Amino acid sequence: MNFAIMAGGTGGHIFPGIAVAKALQKKGHSLFWLGAKGGMEERIVKQHGIALTLLPIKPLRGKGIIGMLTMPFRLLKGIYQAKKFFVKHNIDAAISMGGYVAAPGGFATKLCRTKLIVHEQNSVFGMTNRSLAKKAELVMTGFDLNGQYSSRWVGNPVRDSIEKIIKNYERVKPINVLILGGSLGAQTLNTRMPSMLANWVKSGDIKIKHQCGRDKFRMTETAYGEMAQDIDLQEFIQNMAAVYQWADVCVCRAGALTVAEVSTVGIPTIFVPYPHAVDDHQTHNAMSLVNKKAALIWQENESDESFLNKFESILDLGKRNEMQLALAKIKKTHVADAIAFYCEEAVK
Ligand SMILES: CC(=O)N[C@H]1[C@@H](OP(=O)(O)OP(=O)(O)OC[C@H]2O[C@@H](n3ccc(=O)[nH]c3=O)[C@H](O)[C@@H]2O)O[C@H](CO)[C@@H](O)[C@@H]1O
């Protein structure tokens, strides 16, 4: 069968797309990717050797009056281009993993014989997937959304290299702390973590790897001051499996894929949700673990003292073991294979 993945914009859409693409290829299907010119997918998808077609489109949620007035025309143009792509490659089903390329792509499936499949990674449907879900043959979700839009809860697919990690949970000192801003970096983590964690770094109780986001290296290095030489600071981490293997504790945003990855690996985590995410979906993502005592949450508007208390508690080995047990109970495995199976079933 010929499948197309429609995903772009951020790692949170692209990496699950890659996991699903590989699972479908493993089953002998042909894979094509529809992305947007200038998006992160241009760089990442090529590295994985997947045939990539880029539409010359920009985000539909245009800024200002001109953006709003030209939106219908831009959408129509994108739909026309996406339809041409489906017909040219004889695509049986297009899988929307989210991102703005998925809107024209999703609507274009209704103009040809391509079936539409949706996978929503977050605990709240995003704008594009919300409108596509009503028109799709099959809707799958990363979190348990109680069958909204007749969806099936499958989980979020994590990369093979991450799923294979086996951890040793016993380390007491120094504790390896991974700070992750997500694929775009997180301002709060870059500015507030250095001073809040300073005492633990100076006493040698913790070691830090900190992913700060593109073009944020200098400002984060400055925030760490004289401690900077002891911090492994990186703008973007290519080998996430290696850093998850290293980490005893994580402090990170609650993007859907990061949540899935730390739960798959079993890393005790303090989530710091991005407060401006649409419909506050990062808080909902994090709460799915916090409610099961499998993680902690700290909101940006809480005090430093509240963070320090939570951090102190997560360093305790007993507490970490409790959280790891709770994570083991809820983790989903082989999600990409499950999604590939349901995609095949939808096309038959
Ligand atoms: C600010 C915002 O709205 N972010 C959204 C975006 O997040 P974003 O793409 O940042 O977040 P996710 O946590 O979902 O995914 C990040 C992915 O990038 C990878 N990674 C990250 C850093 C790095 O240095 N190297 C690397 O490979 C992670 O391993 C993960 O696979 O899409 C997600 C999925 O729809 C949403 O849940 C997030 O709310």
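The values are calculated or read from the model by the stated rules, or taken from the named source; none is laboratory data. These figures come from a predicted structure and were not determined experimentally. Cβ sites come from the backbone with ideal geometry, for glycine too, and all protein chains shown count toward neighbours. Side chains are part of the model used for accessible areas, which takes the heavy atoms of the whole protein and leaves out ligands, DNA and RNA. Shrake-Rupley method; radii C 1.70, N 1.55, O 1.52, S 1.80 Å.
Has the range 76-95 got any residue that is within 23 Å of I339 (Cβ to Cβ), within 16 Å of the ligand (Cβ to nearest atom) and not in a helix (DSSP H, G or I)? Yes, the conditions are met somewhere in the range 76-95.
Just for helices (runs of 4 or more DSSP H) wholly inside the range 209-317: which have at least 1 residues that are within 10 Å of the ligand (Cβ to nearest atom) and open to solvent by less than 40 Å² (accessible area, probe 1.4 Å)?
Fully inside the range 209-317 and qualifying: 240-246, 256-265, 281-290.
Per the conditions (1) open to solvent by 10 Å² or more (accessible area, probe 1.4 Å); (2) part of a helix (DSSP H, G or I), the sole criterion not satisfied by G105 is (1).
Against the numbered list (1) open to solvent by 30 Å² or more (accessible area, probe 1.4 Å); (2) at negative phi, L197 comes up short only at (1).
Looking at the range 177-203 only, could you name the residues that are within 16 Å of the ligand (Cβ to nearest atom) and over 17 Å from Q229 (Cβ atoms)?
Answer for the range 177-203, where residues must be within 16 Å of the ligand (Cβ to nearest atom) and over 17 Å from Q229 (Cβ atoms): L178, L180, G181, G182, S183, L184, G185, A186, Q187, T188, L189, N190.
Can you confirm whether the range 155-175 contains a residue that is among the aromatic types (F, W, Y), modelled with pLDDT of 95 or more and more than 21 Å from the chain's Cα centre (by Cα)?
No, the range 155-175 contains no residue that is among the aromatic types (F, W, Y), modelled with pLDDT of 95 or more and more than 21 Å from the chain's Cα centre (by Cα).
Taking each residue of the range 28-49 that is without any contact (Cβ under 8 Å) to a residue 60 or more places away in the chain and looking for partners that are of a type outside the set (A, V, I, L, M) and open to solvent by 10 Å² or more (accessible area, probe 1.4 Å) with beta-carbon atoms closer than 6 Å, six or more apart or interchain, yields S30/N2; L31/Q25; F32/H89; K37/P56. Working only within the range 109-141, note down all residues that are farther than 18 Å from C343 by Cβ and open to solvent by less than 30 Å² (accessible area, probe 1.4 Å). Residues satisfying the conditions are N122, S123, F125, G126, T128.
The range 112-198 holds strands (runs of 3 or more DSSP E) entirely within its bounds, and those carrying 1 or more residues that are farther than 30 Å from K310 by Cβ map to 115-120, 138-141. Of the candidates K202, K167, K173, the single residue that is closer than 25 Å to A260 by Cβ and either touching a strand residue (DSSP E or B) at 6+ places or on another chain (Cβ under 8 Å) or open to solvent by 20 Å² or more (accessible area, probe 1.4 Å) (or both) is K167.
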